[in-house]
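Chemist: Please read through the structure below; I'll follow up with questions.
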Amino acid sequence: MNKRAKLKLRNMKLFFIKYIFNGKYIVRNLMIATIFMAVVVVVMGVAIVSGKKDDESAKPNNNDSQAVIYVEAVDNLNSTSIMALSSNLENDNQPDVIPNSSEMVADAPSEFDNKFVVIAEGVNVRAEATTESDIVGSLTYGNVGDIISSDGEWIYFTSGEVTGYVKAEFVVTGKEAEKYVTPGSEYTTAIPVVQVEEKETTTEEAEETTEEVFEETTEEVVEEEPEEVFEEESDDNSDPTSRDNYVAVETTARGAISLTEEEINLVASIVTLECGYEPYEGQLAVANVILNRLQSGRWGSTVADVIYAPGQFSTASSSSLQYYLENGAKASCVQAVQEAVAGTNNIGAYMSFRPTYAASYDSYTTFTIIGNHVFFN
């Protein structure tokens, strides 16, 4: 080592002894050293974090590299989508599958798109789209028909041997109809109303009959004629009001009956299902049948007992009843029940009823007819 280098080394030692290791400056030097180390640590931390970000940015970004495929269903995948899927699967990448909100999938067709299911009892089938036309058949709860046309209020249909019009309010179609039938079961159809045609007697037939009568003896004519007249009268159902056991019932007042709102809704729901299509007088009559049964105590001591009594009201076990209980019965039926509860009675003491087309008048002690129902005991 030359003399110049030795001199620099000596001066450096003196500097450290005087300014670094001197006790006078030890606190200051420690603070400077601490600050220096802190700066170094911060710089190194920033460098490490920055390096990690650079590494991550160098890796393929899943969002950028993966195929984004818009699908509604599997059969929506085209050749381009399939190639993108294959490429990503080979690279162990999971493609993003995003629902395509720009396209709507049509609802699956229903077996009942052109059919209907009846949700009421004793619905009349009319020859024309009016309640004034002839009744050509009858529909009951669960019957199925094929729709030919519809104007919104009336449906022209065919069901079994019946073709005619039914009010749209008594039937449901499409997906809603599927709730009222059992898949795979045999569907029931409408019942035709048998129209008895009167045979017209021609003049020639009348003359032949007269000649035959004159050929018989007087005794035979006298004995047989009353029997023939009696049989014709007993078999004639065209005018039930002419029968001896028919009684015209006048509207009377009785004591009011106390029912809760829930009970009134239950009675009104049954009235809706049983005769919601009937005139108001018919709805009032059915409401009074239920109240007569309640007061008799024969079917139980509550409205629910009467309604759900076994084998009485078939509509009490239908799914439609729950709909009316939750959403409210037909307004006119609610009014009829409220009026009956208040004391208005238009059927006297009758406690049974059925459609007139299914009536057996000879078996009734007395009966009356309101609308398309016969009321009896």
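The values are calculated or read from the model by the stated rules, or taken from the named source; none is laboratory data. Owing to the predicted nature of the structure, the values given are computational and were not obtained by experimental measurement. No Cβ is skipped: glycine too gets one built from the backbone with ideal geometry, and neighbour counts run over all protein chains shown. When the accessible area is computed, the model is the full protein with side chains, heavy atoms only, and any ligands, DNA or RNA have been set aside. Shrake-Rupley method; radii C 1.70, N 1.55, O 1.52, S 1.80 Å.
Chemist: Can you tell me which residue is surrounded by the fewest Cβ atoms within 10 Å (Cβ to Cβ) among those in segment 363-377 that are over 11 Å from residue 249 (Cβ atoms) and in contact (Cβ under 8 Å) with a residue 60 or more places away in the chain?
Modeler: Filtering first and then ranking leaves 365.
Chemist: In segment 19-39, what count of residues is obtained for those that are at pLDDT below 70, assigned to a helix (DSSP H, G or I) and open to solvent by 80 Å² or more (accessible area, probe 1.4 Å)?
Modeler: The qualifying residues number 2.
A quick yes/no check of all residues on (1) touching a His at 6+ places or on another chain (Cβ under 7 Å); (2) in contact (Cβ under 8 Å) with a residue 60 or more places away in the chain; (3) charged (D, E, K, R); (4) surrounded by fewer than 20 Cβ atoms within 10 Å (Cβ to Cβ):
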site	(1), (2), (3), (4)
304	no, no, no, yes
307	no, no, no, no
327	no, no, no, yes
346	no, yes, no, no
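Chemist: Determine which single condition residue 342 fails, assuming it passes every other condition in (1) surrounded by 15 or more Cβ atoms within 10 Å (Cβ to Cβ); (2) of a type in the set (A, V, I, L, M); (3) closer than 19 Å to residue 258 by Cα.
Modeler: Failed condition: (1).
Chemist: If you don't mind, another one. Considering every residue within segment 290-308, establish whether at least one is at pLDDT below 90, of a type in the set (Ser, Thr, Tyr) and within 28 Å of residue 142 (Cβ to Cβ).
Modeler: no
Chemist: Among the strands (runs of 3 or more DSSP E) confined wholly to segment 118-165, which include 3 or more residues that are of a type in the set (Ser, Thr, Tyr)? Outline the logic, then answer.
Modeler: Values: elements: 123-126, 135-139, 144-150, 154-159.
So the answer is 154-159.
Chemist: Only one of 335, 322, 312 is modelled with pLDDT of 95 or more, on the phi < 0 side of the Ramachandran plot and open to solvent by 60 Å² or more (accessible area, probe 1.4 Å); which?
Modeler: Exactly one residue qualifies, and that residue is 335.
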